[in-house]
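The values are calculated or read from the model by the stated rules, or taken from the named source; none is laboratory data. Values in this document were obtained by computation on a predicted structure and should not be read as measured data. Glycine gets a Cβ as well: all are built from the backbone with ideal geometry, and neighbour counts include every protein chain shown. Each accessible area value is taken on the protein alone, full model and side chains, heavy atoms only, with ligands, DNA and RNA left out. Shrake-Rupley method; radii C 1.70, N 1.55, O 1.52, S 1.80 Å.
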Amino acid sequence: MSSLVHGPMTADAAVAPPAVNANAAITIEEGTGKILYGKNADQLMGIASMTKMMNEYLISEAVANGKLKWDDKVKISDYAYEISQDRSLSNVPLRRGEEYSVEELYQAIAIYSANGAAIAVAEKMAGSEAKFVDMMNKKADDLKLGEHQFVNATGLNNSDLKGKFSVGSATDENKMTARGMAKLAQHIIQDYPDVLKTSSIAKKKFREGTSDQIDMTNWNWLLPGLIYARAGVDGLKTGTTDYAGQCLTATAVQDGMRVITVVMHANGGTSAHDKTRFNETNKMLDYAFNNFKVMEVRKADTAVKETIAVNKGKEDSVNLITKDAVKIVVPKTTTEPKLVEKVMLDEKTIDAPVKKDTKVGIMTVQLKDGDTLGYVDGKKTDTINVVTKDNVDEANWFMLMLYSIGDFFTGIWNYVVDGISGWFK
């Protein structure tokens with residue numbers, strides 16, 4: 001499998017990238033998807049409870065689509081109950097047959113990585129964990145997350161599921177790549193940003209004021225208010241199993257730039273929940289924030305040199321502009337970046353009438369000094385849509401008639417030329 005080169009993003013980035021002590025890792029800028037650092041980022045590995053980012057995505061999607069409501073009631077099955085009673089796993093104890101709201105179970109999943117709660121919501125949404133696993137794998141395909149394997153709703157090893165696993169073998173676990181995890185994080189943040197309101201909660205009481213009340217402390221100890229607090233961190237999810245090791249997908253904002261990091265199987269720790277994954281994450285966050293920034297290099301509606309021909313229009317051609325502003329990640333010391341821009345049109349001509357803002361192609365933009373890492377979605381350059389600047393009406397009937405006459409005689413001429421050419425073959 002390919003591995004990302006963990007070198008500088010560009011030749012201008014003089015500071016050496018960090019030595020991240022993990023089996024795989026990646027750092028991206030969230031808005032553009034620009035990769036700033038990578039190590040074995042396309043290697044399929046265990047993700048443990050980082051799995052629950054997919055649960056959060058599917059729950060948020062179902063609520064947004066009206067298929068689920070935050071105050072819907074979830075009845076606890078024997079299976080969800082049994083898993084929830086195992087305090088050697090991360091759990092909030094649930095009562096068999098009791099009803100809980102989707103929202104309180106979702107919070108237990110996102111904050112406390114509650115495994116029984118994850119199973120309960122999966123059964124609510126899909127009817128069974130196995131069918132929910134199908135949803136997880138399909139969504140991973142839809143989001144183009146790359147190579148993946150989901151076998152349960154929790155991220156636990158199937159051997160921890162009390163003999164009730166329904167997909168895969170007794171020792172299977174969920175797997176993804178670091179790149180895939182970063183893409184999933186990017187989708188969550190961009191598609192359902194309210195997820196961060198929950199993932200940023202450091203401490204919360206489950207079922208506060210009842211006999212079932214339990215204190216939940218977020219396992220992401222980089223959150224402000226916790227043991228390794230770092231300003232700007234507001235998500236996303238830890239994961240730990242013997243197979244996956246210490247894992248963490250984190251996100252933080254500093255100076256207006258949001259960064260996403262993924263650490264998979266952090267090494268060098270002495271226990272399953274020491275500071276190792278947080279130290280390695282801090283290395284990548286420091287590197288990103290100390291050395292890079294997002295710069296707008298083209299404003300929206302900026303003209304491009306190329307034009308596109310208009311067929312049977314009042315004008316022969318129409319000017320083109322970039323639809324949106326172009327922002328790219330550059331070394332922090334950059335003031336006037338040197339760019340390589342290339343316009344690629346979908347067709348050479350466009351038929352009248354032409355409406356303003358019609359997409360006719362794309363422009364690729366990249367730093368002139370080169371870039372070995374590319375973007376999290378696999379692109380090597382930033383891409384922006386190119387659209388028509390103005391409306392172009394269809395020519396009047398007289399001009400259309402002249403066009404038709406011209407086309408007629410052009411056809412005759414081509415016929416004669418082709419015939420004469422055939423005499424000499």
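Asp86 falls short on exactly one of the conditions (1) out of contact with any strand residue (DSSP E or B) (no Cβ under 6 Å at 6 or more places or on another chain); (2) within 28 Å of Gly180 (Cβ to Cβ), and that condition is (2). Residue check: is Glu103 within 24 Å of the chain's Cα centre (by Cα), surrounded by fewer than 20 Cβ atoms within 10 Å (Cβ to Cβ) and closer than 19 Å to Thr210 by Cβ? In short, yes.
A single member of Ala126, Ala140, Ala122 is modelled with pLDDT of 95 or more and touching an Asp or Glu at 6+ places or on another chain (Cβ under 7 Å), and it is Ala122. Considering only residues that are of a type outside the set (A, V, I, L, M) and over 21 Å from Asn55 (Cα atoms), look in the range 208-217 and name the one that is nearest to the chain's Cα centre (by Cα). Here the residue is Asp215. Within the bounds of the range 318-335, is there any residue that is closer than 22 Å to Leu223 by Cα and of a type outside the set (A, V, I, L, M)? Checked the range 318-335: no residue is closer than 22 Å to Leu223 by Cα and of a type outside the set (A, V, I, L, M). Condition check for Lys138 on (1) closer than 27 Å to Gly97 by Cα; (2) open to solvent by 10 Å² or more (accessible area, probe 1.4 Å); (3) free of Cβ contacts under 8 Å to residues at least 40 places away in the same chain: one failure, at (1).
Against the list (1) assigned to a loop (DSSP other than H, G, I, E, B); (2) free of Cβ contacts under 8 Å to residues at least 60 places away in the same chain; (3) open to solvent by less than 40 Å² (accessible area, probe 1.4 Å), the condition Gly168 fails is (3).
To keep it simple, each residue is scored yes or no on (1) modelled with pLDDT of 95 or more; (2) closer than 27 Å to Val133 by Cβ.
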{"site": "Val5", "(1), (2)": "no, no"}
{"site": "Ala13", "(1), (2)": "no, no"}
{"site": "Ile35", "(1), (2)": "yes, no"}
{"site": "Thr51", "(1), (2)": "yes, yes"}
{"site": "Met54", "(1), (2)": "yes, yes"}
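When Tyr81 is tested against (1) out of contact with any Leu (no Cβ under 6 Å at 6 or more places or on another chain); (2) assigned to a helix (DSSP H, G or I), exactly one condition is not met: (1). If we scan the range 57-69, do we find a residue that is within 20 Å of the chain's Cα centre (by Cα), of a type in the set (A, V, I, L, M, F, W, C) and surrounded by fewer than 16 Cβ atoms within 10 Å (Cβ to Cβ)? Scanning the range 57-69 turns up at least one residue that is within 20 Å of the chain's Cα centre (by Cα), of a type in the set (A, V, I, L, M, F, W, C) and surrounded by fewer than 16 Cβ atoms within 10 Å (Cβ to Cβ). The numbered conditions (1) without any contact (Cβ under 8 Å) to a residue 24 or more places away in the chain; (2) open to solvent by 10 Å² or more (accessible area, probe 1.4 Å) are all true for Asn158 except (2). Considering (1) within 27 Å of the chain's Cα centre (by Cα); (2) surrounded by fewer than 21 Cβ atoms within 10 Å (Cβ to Cβ); (3) touching a residue at least 40 places away in the same chain (Cβ under 8 Å), the lone condition that Ala126 does not fulfil carries the number (3). Within the range 339-380, the set of residues being at pLDDT 90 or above, in a loop (DSSP other than H, G, I, E, B) and either farther than 23 Å from Ile28 by Cβ or touching a helix residue (DSSP H, G or I) at 6+ places or on another chain (Cβ under 6 Å) (or both) comprises Asp346, Glu347, Lys348, Pro353, Lys355, Lys356, Asp357, Thr358, Val376.
Determine whether Gly268 is of a type outside the set (A, V, I, L, M, F, W, C) and at positive phi. Yes; evaluated as a whole, the condition is true for this residue.
Can you tell me which residues in the range 38-51 are crowded, with 19+ Cβ neighbours inside 10 Å and either within 15 Å of the chain's Cα centre (by Cα) or in a strand (DSSP E or B) (or both)? Answer for the range 38-51, where residues must be crowded, with 19+ Cβ neighbours inside 10 Å and either within 15 Å of the chain's Cα centre (by Cα) or in a strand (DSSP E or B) (or both): Gly38, Lys39, Ala41, Met45, Gly46, Met50, Thr51. Out of the range 141-155, which residues are crowded, with 24+ Cβ neighbours inside 10 Å and either over 16 Å from Ile76 (Cα atoms) or out of contact with any helix residue (DSSP H, G or I) (no Cβ under 6 Å at 6 or more places or on another chain) (or both)? Passing the criteria: Phe150, Val151, Asn152, Gly155.
Looking only at the range 87-99, filter to residues that are free of Cβ contacts under 8 Å to residues at least 40 places away in the same chain and either among the hydrophobic types (A, V, I, L, M, F, W, C) or out of contact with any Ser or Thr (no Cβ under 9 Å at 6 or more places or on another chain) (or both); which one of those is least open to solvent (accessible area, probe 1.4 Å)?
Among those that are free of Cβ contacts under 8 Å to residues at least 40 places away in the same chain and either among the hydrophobic types (A, V, I, L, M, F, W, C) or out of contact with any Ser or Thr (no Cβ under 9 Å at 6 or more places or on another chain) (or both), it is Leu94.
Filtered by the rule that a residue be closer than 25 Å to Leu89 by Cα and either surrounded by fewer than 16 Cβ atoms within 10 Å (Cβ to Cβ) or at pLDDT below 95 (or both), the range 218-242 gives Pro224, Gly225, Ile227, Tyr228, Ala229, Asp242.
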